Amino acid sequence: MIIVVDTNIVFSAILNTNSTIGDLILNSQNIFQFHSCNFLLNEIDNHWEKLKRISKLNTSDLSESRYLILKNIFFVSEQQIPVQYRISAHELVKDVDIKDVAFVALNEFQKSFLWTGDKVLIKGLKNKGYKNVITTKELFQLKEFLSTRS
């Protein structure tokens, strides 16, 4: 099952690889395939100093955390997403958070679930009838359910 991860999920995982979010990304390869857009890599670079400050980790440890998380995510260039998905995603997020357009477009293109912790985004999408969003709690429960069926 493909799960598209957005920036806040990956930031949380990098900041604490031992959290539920970190555990899901690091230990669910046999259940989920995590995908994201190249935009996420730019976001990490743009907010690297803030991540260092929040984490209180030294550069080496934070870089190791980033590596552990990112090696479990398949990245897709936004240019690979057909324009019709980018247009429909723009319509969905333009009045919620335009920075999420690439994630929603990738999610639509791949017919997957968007994993986000952004409550404003979740509410905004659900208010528009968009159902392909999953929370950390829901994903964890799904992992537990699918793990017992193997």
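One table, with the values for the structure above:
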{"item": "Pairs where the first residue, in region 31-56, is under 14 Å from PHE103 (Cβ atoms) and the second is assigned to a helix (DSSP H, G or I) and among the small types (Gly, Ala, Ser), C-beta under 9 Å, 6+ apart", "result": "SER36/ALA102; CYS37/ALA102; CYS37/ALA105; ASN38/ALA102; PHE39/ALA102; LEU40/ALA102"}
{"item": "Test: ILE73 is in contact with a Ser or Thr (Cβ under 7 Å, 6 or more places away or on another chain), closer than 22 Å to GLN33 by Cα, surrounded by 11 or more Cβ atoms within 10 Å (Cβ to Cβ) and aliphatic (A, V, I, L, M)", "result": "yes"}
{"item": "Conditions (1) open to solvent by 10 Å² or more (accessible area, probe 1.4 Å); (2) over 18 Å from LYS143 (Cβ atoms); (3) of a type in the set (Gly, Ala, Ser); number of the one not met by ALA89", "result": "(1)"}
{"item": "Residue in region 110-124 that is of a type outside the set (A, V, I, L, M), part of a helix (DSSP H, G or I) and touching a strand residue (DSSP E or B) at 6+ places or on another chain (Cβ under 7 Å) present", "result": "yes"}
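Each row is one residue, and each column tells you yes or no for (1) farther than 18 Å from ILE73 by Cα; (2) under 15 Å from the mean Cα position of the chain (by Cα); (3) hydroxyl-bearing (Ser, Thr, Tyr).
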{"site": "ILE87", "(1), (2), (3)": "yes, no, no"}
{"site": "LYS99", "(1), (2), (3)": "yes, yes, no"}
{"site": "THR136", "(1), (2), (3)": "no, yes, yes"}
{"site": "GLU144", "(1), (2), (3)": "yes, no, no"}
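The values are calculated or read from the model by the stated rules, or taken from the named source; none is laboratory data. All of these numbers come straight from a predicted model, not from anything done at the bench. Here the Cβ is made from the backbone with ideal geometry for all residues, glycine too, and neighbour counts use every protein chain on show. Side chains included, ligands, DNA and RNA excluded: accessible areas come from the protein's heavy atoms. Shrake-Rupley method; radii C 1.70, N 1.55, O 1.52, S 1.80 Å.
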